[in-house]
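Down below is the structure, laid out as structure tokens.
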Amino acid sequence: MSMTPLQEMRHSCSHVLATALLRVFPRAQLDIGPPTDTGFYYDIDLDHKLTAEDLARIENEMRQVASEKQPFVRVEVSRAEALEKIRKFGQTKFKPGRLDDIPEGEAISFYQNGEFIDLCAGTHVPTTGHTGAFKLLSVAGSYHRGDERNQQLQRIYGTAFPTPAELTAHLEQVEQAKQRDHRKLGKELKLFHIDETVGQGLILWTPAGSIVRQELQTFIAGELQKQGYFQVFTPHIGRLELYKTSGHFPYYRDSQYPPVIDREQLDALAKEGCSCAQLSNRISEGNVDGYLLKPMNCPHHIKIFASQPHSYRDLPVRLAEFGTVYRWEQSGELNGMTRVRGFTQDDAHLFCTEEQVGQEVMGCLSLVKIVLSTLGMNDYRVRIGLRDPDSAKYTGDPANWDKAENACRAAAKQLGVPYSEEAGEAAFYGPKIDFVVRDVIGREWQLGTVQVDYNLPIRFDLSYVGPDNQPHRPVMIHRAPFGSMERFTGLLIEHFGGDFPLWLAPEQVRLLPVSDKFSAYTDEVYAALKKAGVRVTVDTHPDKLGAKIRRAEVEKTTYALVIGGKDMEARTVSVRSRFTGDEGAIPLDTFIARVRDEIATRKLMLRKK
């Protein structure tokens, strides 16, 4: 197993963790302890619920293990010898099963440091003293082998970096991430709701969150109109046969909701005496005349394109839809808005000639750039997902794959941003270009995607009439700048920390009258802002002014306007900006003109520190 130096160090830390754990809790049974993108973990079975105090004890013991500078020693053994080592070390609950996972003929190895020995392919740093700066972070529940039907274990999470300074920087980022967590802010700012009686992973957009979503949709729809897209609408379900033709079924069967059986067929099967088990098997295998909650919008858009004849003069045809799709995610993988079971894509599919592929891909990439620059997300890189030649996942003619992959490479080079190529990351029907964005606190998110597809037009026998009056096969381009409205909004909540730029803010201005004596002028200010198209509210609570100001701060209102006697006399408003602080009195007309300009230009605003 090949690891980067950082992965190797973190994997070694997981062994140091296990060594320390068994010193503190000798009866613990160990499962696995791999490195992760941000650290490491170890899954354990223990008849004691670990606490923060326990983690502190284990971490102190880890430091002791590190100070002992125990060498990591690798030893290869036979399968019988491996079982005996596992038995002697007392780790017989999970390790034999992990041993069974190793294919016959493959080397079986253990690594030992001090008194600890573990079934492990490696690799490791030279000694436990080479494990850098580490910290245990938390304990969470996990299932053996990730299967909900198996025993629940305790997972100890930790992180490690080469230097204390890097560790400190990471922990500060983690703390910032907690404060910016979209699940926390979404609840506090009433942006979305998830209700168990509706279903896990299904987002209920509240009025405030719906404003953010609608503003994003209006923004992208305006850009699509400039680029010559046509808006379409398609149903939430389609016949199973449609997705068999596209290949989404059975390729993604495990991540889709089961097919819904046609009522007439269900009645016929019941008359035939089909048992529940037989029916369940037929449904899971797709051997029914039924419907599928759509996992993708592309087959529907393909059918719209195919519904009428096309000439080469018509191309490219660009079809766009805010289309809701459904995927089955394991409950343990669901996460607020960023990992859901139902989501709306800002989806589009372009049908073009082979000669138009390059310019159309560039048009899609430029659209993603417009989106990201408008939102101040200018720190990003591009990842080209290519097929893995050794995998059977990918369909279609290798020659077409070569053309599609070369088109993606050429477009990425022309874009002029850093890019990398990753084999095995393509969709089953074609290569793709993903934008990987770094947010304000340094985390990376995969967002907009563009895919070049020669295969689905073949599967659906699409054609257009060329200049030679003969049928030709179009090329299809899939693109979604936001990816999904749910995930993108969740990212924005965290990126902005809930402090949306004015054009996205659910509440743009709040009026804070000092007392009821100024209600007439407050009404006048309210009406003027409403007429200007500003989202404005009035704080009518009988509280003192200080309490109203604090409430506006907590609820992240962009502008709070204090209205008192001097303001009424001078026809001003006393402006408190979420971004620049107390600005003092400003003429009402001047403030309205400024706000209208900030909304119209989608001005980015930075929070004052």
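Read-outs throughout are calculated quantities, based only on the coordinates presented, and are distinct from any laboratory measurement. What you see is a predicted model; the values in this text were computed from it and never measured. Virtual Cβ from ideal backbone geometry, glycine too; neighbours counted across all protein chains shown.
All C-alpha to C-alpha distances of the range 509-600, sorted into 5 Å bins beginning at zero, yield P(r) values of 3, 15, 28, 28, 19, 6, 1 percent in whole numbers. Backbone phi angles across the range 527-540, fed through the Karplus curve with coefficients 6.51, -1.76 and 1.60 (θ = phi - 60°), yield HN-Hα couplings of 5, 5, 5, 4, 4, 7, x, 8, 7, 10, 10, 10, 7, 9 Hz in residue order; Gly and Pro are listed as x.
Remark on F460: its backbone amide H falls under 5 Å from none of the residues 5 or more positions apart or on other chains, H modelled at 1.01 Å from N. Report the antiparallel proportion of the DSSP beta bridges in the chain as a percent, rounded to a multiple of 5. Of those bridges, close to 85 percent are antiparallel. Taking other C-beta atoms within 10 angstrom as a stand-in for reagent exposure, C13, C298, C120 fall in the order C120, C298, C13, fewest first.
Working from Cα pairs under 8 Å separated by at least six residues, relative contact order for the chain is 10 percent. Across all directions, the average flat footprint of the convex hull enclosing the Cα atoms of the range 5-180 is 10.6 nm².
If the viscosity is 0.890 mPa s and the temperature 25 °C, what translational diffusion coefficient in µm²/s does Stokes-Einstein give for the range 14-113 when Rh comes from Kirkwood over Cα pairs? Translational D for this selection: 166 µm²/s. Amide hydrogen proximity for E425: with H placed 1.01 Å from N in the peptide plane, the residues at 5 or more positions away or on another chain lying under 5 Å are L386.
The ratio of the alpha-carbon radius of gyration of the range 360-457 to the globular-protein estimate 2.2 N^0.38 Å is 1.10.
Antiparallel DSSP bridges in the range 509-600: what percent, to the nearest 5? Among the beta bridges of the range 509-600, antiparallel pairing accounts for roughly 55 percent.
In the neighborhood of E422, defined by Cβ-to-Cβ distances under 13 Å, what is the net charge if each Lys or Arg adds +1 and each Asp or Glu adds -1?
Numbers: positive: R381, R383, R387, R409, K432; negative: D388, E405, E421, E425, D434.
For residues surrounding E422, the net value is 0.
If we sort 256-262, 468-474, 444-450 on the protection proxy, mean other Cβ atoms within 10 Å, highest first, what's the order? List each step's numbers first, then the result.
Working: 256-262: 17.7, 468-474: 12.9, 444-450: 20.0.
Averaged packing, sorted descending, gives the order 444-450, 256-262, 468-474.
Across the cross-link table entries K187/K548; K187/K566; K178/K530, which are compared at the Cα atoms, the separations over 28 Å belong to K187/K566; K178/K530. Electrostatic bookkeeping for I458 treats Lys and Arg as +1 and Asp and Glu as -1; over the other residues with beta carbon under 14 Å from its beta carbon, the sum is -1.
Sorting the segments 531-540, 142-151 by their residues' average number of neighbouring beta-carbon atoms within 10 angstrom, most packed first, yields 531-540, 142-151. The range 369-383 and the range 180-229 have Cα centres spaced 20 Å apart. Computed 3J(HN,Hα) for the range 300-313, one whole-Hz value per residue from the Karplus formula 6.51 cos²θ - 1.76 cosθ + 1.60 where θ = phi - 60°, is 5, 5, 4, 5, 5, 4, 6, 6, 8, x, 10, 9, 4, 5, glycine and proline marked x.
Based on DSSP H runs of at least 4 residues, each adding -39500 (n - 2.57), what is the mean residue ellipticity at 222 nm of the chain after dividing by all its residues, to the nearest 500 deg cm²/dmol? Result for the chain, helices only: -11500 deg cm²/dmol. Computed from backbone phi, the HN-Hα couplings of the range 569-578 come to 5, 9, 6, 10, 9, 8, 8, 10, 9, 4 Hz, rounded to whole numbers (Karplus: 6.51 cos²θ - 1.76 cosθ + 1.60, θ = phi - 60°; Gly and Pro given as x).
Per-peptide packing, taken as the mean over residues of other Cβ atoms within 10 Å, places 162-172, 84-94 in the sequence 84-94, 162-172 from highest down.
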